[in-house]
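Asks: The following block contains the structure, expressed as structure tokens.
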Amino acid sequence: LIVSVTGTPAVGKSSFAKKLSEALPNSKMIEINDVVEEHKLFSRIDEIGSKVVKMKELESEIQTLIEKEEKKSNLILVGHLIPDLNLKQDLVVVLRLNLNTLIERLEARDYPKEKVKENLVSESVDYCGVKAKEKCPQTYEIETDAEKEEMIDYIVSIPSGSPKKAPEMKEISKFDELLELVTSDNKYGL
Ligand SMILES: Nc1ncnc2c1ncn2[C@@H]1O[C@H](COP(=O)(O)OP(=O)(O)OP(=O)(O)O)[C@@H](O)[C@H]1O
Ligand SMILES: [Mg+2]
């Protein structure tokens, strides 16, 4: 089984993936950002402090890793870049987050204002979800703790031989939250 966990930076991908890996027997987590770092797959750091990733090279590195590991383990791929890569994957989980909570988490990381804004826009327009759905028909957007638990139970049930009923495949709109943000006195120029 190859599961991808994606979403805007700081939505909680690694935390969710760790819980999933603890519940899913014989699983191996692959953090895409670690692969970028380990193989220095970026050309430079841009104006807002983000790595400009060599996407084609990253894609082939991850494909090679998948080929090497998929016969041995269930794989959990984790990262915000996943929707922009062409990868073999059975199921994608897109984590969503309340926009104000996202602001708090990104500010706690001391990201520059422009970087917080960029990620807020990505989350608002569901960049990861829209892209992920183009690549994988089994793409689930989730946000609440209950949805996370249901998703882990479902994924764990797949290789068990008696799969549970699949969760509802829905789109989570951030329109109301965005409207609230743009009509409030926000410092992100939104
Ligand atoms: N369910 C949760 N409830 C409260 N806080 C959470 C939850 N999940 C994650 N967090 C917190 O949010 C922050 C970001 O979480 P995490 O590192 O899992 O996100 P990420 O999506 O993997 O980020 P990145 O894209 O940078 O790798 C961490 O401080 C984490 O403790
Ligand atoms: Mg992470």
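The values are calculated or read from the model by the stated rules, or taken from the named source; none is laboratory data. Quick caveat: nothing in here was measured; it's all calculated off a predicted structure. Cβ sites come from the backbone with ideal geometry, for glycine too, and all protein chains shown count toward neighbours.
Asks: Taking the condition of being touching a residue at least 24 places away in the same chain (Cβ under 8 Å) and surrounded by 11 or more Cβ atoms within 10 Å (Cβ to Cβ), how many residues in region 46-69 meet it? Write out each step before concluding.
Replies: Just the residues of region 46-69 that are touching a residue at least 24 places away in the same chain (Cβ under 8 Å), to begin with: 47-50, 53, 55, 58-59, 61-63, 65-66, 69.
Within this subset, residues satisfying the condition of being surrounded by 11 or more Cβ atoms within 10 Å (Cβ to Cβ) are 48-50, 53, 55, 58-59, 61-63, 65-66, 69.
Counting residues in region 46-69 that are touching a residue at least 24 places away in the same chain (Cβ under 8 Å) and surrounded by 11 or more Cβ atoms within 10 Å (Cβ to Cβ) gives 13.
Asks: Now, a different point. Within region 32-88, how many residues turn out to be within 26 Å of ILE155 (Cβ to Cβ), within 18 Å of the chain's Cα centre (by Cα) and either aromatic (Phe, Trp, Tyr) or away from ligand 1 (no atom under 16 Å from the Cβ) (or both)? Break it down into steps so the answer makes sense when it comes.
Replies: Taking region 32-88 first, the residues within 26 Å of ILE155 (Cβ to Cβ) are 32-36, 58-59, 61-88.
Narrowing further to those that are within 18 Å of the chain's Cα centre (by Cα): 32-36, 58-59, 62-63, 66, 74-88.
Okay, now just the ones that are also either aromatic (Phe, Trp, Tyr) or away from ligand 1 (no atom under 16 Å from the Cβ) (or both), so 59, 63, 66, 74-75, 86-88.
Total satisfying the criteria: 8.
Asks: Being within 14 Å of ligand 1 (Cβ to nearest atom) and modelled with pLDDT of 95 or more is the requirement here; does GLU104 meet it? Lay out the reasoning, then the answer.
Replies: On the way: within 14 Å of ligand 1 (Cβ to nearest atom): yes; modelled with pLDDT of 95 or more: yes.
Yes, satisfied.
Asks: On the basis of being in contact (Cβ under 8 Å) with a residue 60 or more places away in the chain and either more than 10 Å from ligand 2 (Cβ to nearest atom) or surrounded by fewer than 16 Cβ atoms within 10 Å (Cβ to Cβ) (or both), does ALA10 make the cut? Even if it seems obvious, please write down each step before you answer.
Replies: Values: in contact (Cβ under 8 Å) with a residue 60 or more places away in the chain: yes; either more than 10 Å from ligand 2 (Cβ to nearest atom) or surrounded by fewer than 16 Cβ atoms within 10 Å (Cβ to Cβ) (or both): no.
Answer is no for this residue.
Asks: Would you mind stating whether ASP110 is within 30 Å of ASP176 (Cα to Cα), more than 11 Å from ligand 1 (Cβ to nearest atom) and of a type outside the set (S, T, N, Q)? Give the derivation first.
Replies: On the way: within 30 Å of ASP176 (Cα to Cα): yes; more than 11 Å from ligand 1 (Cβ to nearest atom): yes; of a type outside the set (S, T, N, Q): yes.
When the stated conditions are applied, ASP110 passes them.
Asks: Moving to a separate point now. Please go through (1) within 21 Å of SER27 (Cβ to Cβ); (2) touching a His at 6+ places or on another chain (Cβ under 8 Å) for LYS164 and return the number of the only condition it doesn't satisfy.
Replies: (2)
Rundown of residues vs (1) closer than 14 Å to MET151 by Cβ; (2) within 16 Å of ligand 2 (Cβ to nearest atom), yes/no style:
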position: LEU20; (1), (2): yes, yes
position: MET55; (1), (2): no, no
position: GLU59; (1), (2): no, no
position: THR64; (1), (2): no, no
position: GLY79; (1), (2): no, yes
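Asks: On to the next question. ASP110 fails exactly one of the following numbered conditions: (1) farther than 24 Å from SER160 by Cα; (2) in contact (Cβ under 8 Å) with a residue 24 or more places away in the chain. What is the number of that condition?
Replies: Unmet for ASP110, out of (1) farther than 24 Å from SER160 by Cα; (2) in contact (Cβ under 8 Å) with a residue 24 or more places away in the chain: (2).
Asks: Let me ask you something else. Considering each of LYS19, LYS71, LYS13, LYS28 in turn, give the residue that is within 17 Å of ASN119 (Cα to Cα) and at pLDDT 95 or above. Walk me through how you get there before you give the answer.
Replies: Numbers: LYS19 fails: within 17 Å of ASN119 (Cα to Cα); LYS71 fails: within 17 Å of ASN119 (Cα to Cα); LYS28 fails: within 17 Å of ASN119 (Cα to Cα).
Of LYS19, LYS71, LYS13, LYS28, the one residue that is within 17 Å of ASN119 (Cα to Cα) and at pLDDT 95 or above is LYS13.
Asks: Since GLU134 meets every condition but one in (1) surrounded by 13 or more Cβ atoms within 10 Å (Cβ to Cβ); (2) part of a helix (DSSP H, G or I), which condition does it not meet?
Replies: Failed condition: (1).
Asks: Any residue at all in region 151-171 that's within 16 Å of ligand 1 (Cβ to nearest atom), part of a helix (DSSP H, G or I) and surrounded by 12 or more Cβ atoms within 10 Å (Cβ to Cβ)?
Replies: Step one: filter region 151-171 for residues within 16 Å of ligand 1 (Cβ to nearest atom), giving 151-152.
Right, trim to part of a helix (DSSP H, G or I) and you get 151-152.
In the following step, the residues that additionally are surrounded by 12 or more Cβ atoms within 10 Å (Cβ to Cβ) were identified as 151-152.
Yes, that holds for at least one residue.
Asks: Looking only at residues in region 22-40 that are among the polar types (S, T, N, Q) and more than 9 Å from ligand 2 (Cβ to nearest atom), which one is surrounded by the most Cβ atoms within 10 Å (Cβ to Cβ)? Let's see the steps before the verdict.
Replies: From region 22-40, those among the polar types (S, T, N, Q) are 26-27, 33; that's our starting set.
Still in the list and also more than 9 Å from ligand 2 (Cβ to nearest atom): 26-27.
Working: ASN26: 10, SER27: 19.
In this case the residue turns out to be SER27.
Asks: Just the residues that are within 27 Å of ASP110 (Cα to Cα) and not in a loop (DSSP other than H, G, I, E, B), please, taken from region 10-28. Talk me through it step by step, then tell me what you get.
Replies: Narrowing region 10-28 to residues within 27 Å of ASP110 (Cα to Cα): 10-19.
Hits for region 10-28 are LYS13, SER14, SER15, PHE16, ALA17, LYS18, LYS19.
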